[in-house]
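Before any comments, here is the structure.
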Amino acid sequence: MVAMSSWGRLSSHEHSVITLGDRTRVKACLKNSIPGLAYGMGRSYGDVCLNPQGALWVTTGLDRFIAFDDSTGRLVCEAGVLLRDIQRLAISRGWILPVTPGTQLVTVGGAIANDIHGKNHHVLGSFGDHVQDLTLIRTDGEIIHCGPNERPDWFAATVGGLGLTGVIVQAEIQLRPVAGPWLDTETVPYANLEEFFHLADDSEVEWEHTVSWIDCISGGGGRGLFMRGKPIDLGNRPEPKGRKLIMPIVSPVSLVNKLTLRSFNTTYYHLKKWQAGRSITHYEPFFYPLDNLHQWNRMYGPRGFFQYQSVVPREVGQSAVQAMLKEIARSGDGSFLAVLKTFGNRQPVGMLSFPQPGVTLALDFPDHGERTHKLFERLDAIVREARGRIYMAKDARMPKELFESGYPRLVDFLNYRDPGISSGLSRRLMGS
Amino acid sequence: MKKKIVIIGATSAIAEQCARLWAKESPAEMILVGRDHEKTERIASDLRVRTPKTTITSIQADFLDPDQIQAVVDQICKEGDVDIALVAHGSLPSQKECQNDLKKCREALDVNGVSPVLFAEAFVMHMQKADRGTLAVIGSVAGDRGRKSNYVYGAAKGLVSRYAQGLQHRLAHTGVKLVLIKPGPTDTPMTVHLKQAGAKLAAVDHVARDIVHGIAQGQQVVYTPRIWSLIMMVIRHLPYFVFKRMDI
């Protein structure tokens, strides 16, 4: 048994760890295993990728490319391939992943199972929108090929299906053409939420990528920095050499706390405000700003941290976000890594996909026990009233009724579950 | 000129990572030799996607048959001098099984000891004629001192070590280099049961980087991760009265 954690480092339970390395042997491996769950890079925050006391089938050994056609941009690969490796391979040949999250250190299987989104949701939707075909292996040995046009019900259950419908072993992804690794970017400070929504609306047509950092604690009305970007052709401009830093130890106390947060945020806001404006940025620091700070999750100290990410419909977005920020500011807890972004007006592919039309707010909170949970309950109430939902890839604690109201297609989804697969989250929220 | 690189036991996780690194360095001509043809082909396809400019051939061979080994190596070398040959295959047997079943014991000795030596011997013949090339053989830290937990495997790897030592002596005044690689326990499918037991294993890409670097430098012995050269020095020199009390 091996102690395994997720990115939030909130728990470290023992798991029976089984490494998958050969895609032709996965079937036999699952058949002989106790109930388990596929585990990729462990980059989700809560218990969605954990299965305490059960098995974890580690997929990072399934990291082979199978085929790539650089005239069409179709890529076939095993599910443990990292998005980073796809980006590095494809960009030099004129293609790029259409959708990536804030870290490229996740597997293809994880990206599908959580139906991850990026900064361009309003243009290109979520990861599942670009998967053409996937192979799922069930614990009873059944192999299911599905895609938007083949067994679409299985596809809809598996995209965003949290790994609970079977083990994804390979996928075919449609990449999109790109001129090179560079982006034309702009940082625009905003003083309050109203300005944020104006900026978001104005940017949707011209800018493919939009995201914002929000100061959740000082400044009163939700000031922040709006960042937008679009691909730009700069020919063969040489790529920068990335510097890698590492958070070498688990900080004995959270470095993000009441003493540091206000000054962090104020400094960051003013520094960036001063640097605001247009520039040319390489895709890696723009899309994945924290990937060069290895194990940054250690800065929250030994107790780990929660991430609270919700989406609420646009009509009530401003007031709901305002209310959440107010609760957070009042609590004094809260995070440096606070992200506010609008989603486009499109329906997600998966039955349990997170994105829905509206605005999403994501915040990190160091675990202060009772106090933190009390704050979450107040945030839940706001999300519930706004008819929003919480992102399962980030969650470690949402109440069952909020899950059920947030994900109305849950009842359909349950028909596709694999009885030999279970996760901490599925037991907590789905009863098994 | 494209480098000509041959990998014996190309389906081994360490070898596969080395192949990726070499392919990334510069377009090469790569020949993958494996026991399981389909598996070798899967790795070849992956490398073809990663580096379309590298030409990749896969060859299936029986690793225990001296005639086949000779034929395969002759065939490879006939078509041009080899720049790098990496002999990477092996299997980690259960020590208990080796103790209880002589067939298993023999198999472990053959696969991990005799077979790599035969491959190396076949290559070195050609390399010496060309007076160039680097031959690298993967041994193990387990070959440095026999321990009760895996001495059959250790003995086979020890055989490889001693063989490499002699071969280095033979090649001392030639243009051919021999690199002996001694990885510590590495996170690969071969060590799944160690990982399951909670052992701390080295990352395979780290080990592969050390190997590729060591081969490029023509180092005599490459311990990877490097800390293992220190650990094994201590273990080799532990007096027996201490050593015998240790459960390793």
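FYI, it's all coordinate maths here, none of it is from the lab. Remember, it's a predicted structure, so these values are computed and weren't measured experimentally. Neighbour counts are summed over all protein chains in view; Cβ atoms, including those assigned to glycine, are modelled from backbone coordinates with ideal geometry.
Return the tail of the calculated pair distribution for region B:69-120, meaning the percent of Cα-Cα pairs more than 15 Å apart. Tail fraction, whole percent: 56. Within the same chain, lysines fewer than 8 places from A:Lys341 are excluded, and of the rest, those with a Cα less than 28 Å from its Cα are A:Lys119, A:Lys230, A:Lys244, A:Lys258, A:Lys272, A:Lys273, A:Lys326, A:Lys374, A:Lys394, A:Lys400. Among the trypsin sites (Lys or Arg not before Pro) found in region B:30-139, those both in a DSSP coil and sparsely packed, with 13 or fewer other Cβ atoms within 10 Å of their Cβ, are B:Lys53. Residues whose amide H comes within less than 5 Å of that of A:Gln170, counting only those at least five positions distant or on another chain, are A:Ala79, A:Thr135 (H built at 1.01 Å from N in the peptide plane).
Projecting the alpha carbon convex hull of region A:65-178 along each direction and taking the average yields 6.7 nm².
Region A:234-343 gives an Rg/Rh value of 1.01, both radii derived from C-alpha positions and Rh following Kirkwood.
Note on region B:3-243: Kirkwood radius taken over Cα pairs, Stokes-Einstein applied at 25 °C and 0.890 mPa s, translational D equal to 135 µm² s⁻¹.
Cross-link pairs exceeding 21 Å between alpha carbons, from the set B:Lys103/B:Lys157; A:Lys27/B:Lys96; B:Lys53/B:Lys182; B:Lys39/B:Lys129; A:Lys27/B:Lys104: A:Lys27/B:Lys96; B:Lys53/B:Lys182; B:Lys39/B:Lys129; A:Lys27/B:Lys104. Comparing region A:149-235 with the 2.2 N^0.38 Å rule of thumb, its C-alpha radius of gyration ratio is 1.58 (two decimals). Straight-line reach from B:Lys148: taking Cα to Cα under 17 Å and skipping same-chain neighbours fewer than 8 places apart, the aspartates and glutamates in range are B:Glu97, B:Asp101, B:Asp247. Across every direction, the projection of the convex hull enclosing the Cα atoms of region A:1-93 has a mean area of 6.7 nm².
Note on region A:244-285: the C-alpha convex hull projects to 4.6 nm² when averaged across all orientations. Projected onto their three principal axes, the Cα atoms of the protein assembly as shown cover extents of 80, 57, 51 Å, largest first.
Going through the DSSP H helices of chain B, which span 15 Å or more along their own axis at the Cα atoms while scoring at least -1.0 as a mean Kyte-Doolittle hydropathy? Within chain B the helices that satisfy the rule are B:13-25, B:66-78, B:115-130, B:151-171, B:204-217, B:227-237.
Region A:23-59 and region B:146-175 have their alpha-carbon centroids 39 Å apart.
For B:Lys2, list the aspartates and glutamates whose Cα falls under 12 Å from its own Cα; do not include residues on the same chain fewer than 8 positions away. Partners found: B:Glu25, B:Glu29, B:Asp81, B:Asp83. Over every Cα atom in region A:123-177, the radius of gyration and the widest Cα-Cα span, Dmax, amount to 11.2, 39 Å.
Of the chymotrypsin sites (Phe, Trp or Tyr not before Pro) in region A:64-146, not one is in a loop by DSSP (not H, G, I, E or B) with at most 16 other beta carbons within 10 Å. The sum of -39500 (n - 2.57) across all DSSP H runs of n ≥ 4, divided by the residue count of chain A, sets its helix-only mean residue ellipticity at 222 nm to -8000 deg cm²/dmol.
In loop segments of region A:369-432 as defined by DSSP, the trypsin sites (Lys or Arg not before Pro) with at most 15 further C-beta atoms inside 10 Å of their C-beta are A:Arg387, A:Arg409. In order along region A:301-311, the Karplus-derived 3J(HN,Hα) couplings, from 6.51 cos²θ - 1.76 cosθ + 1.60 at θ = phi - 60°, round to x, x, 7, x, 8, 9, 10, 10, 10, 10, 10 Hz, and Gly and Pro are given as x.
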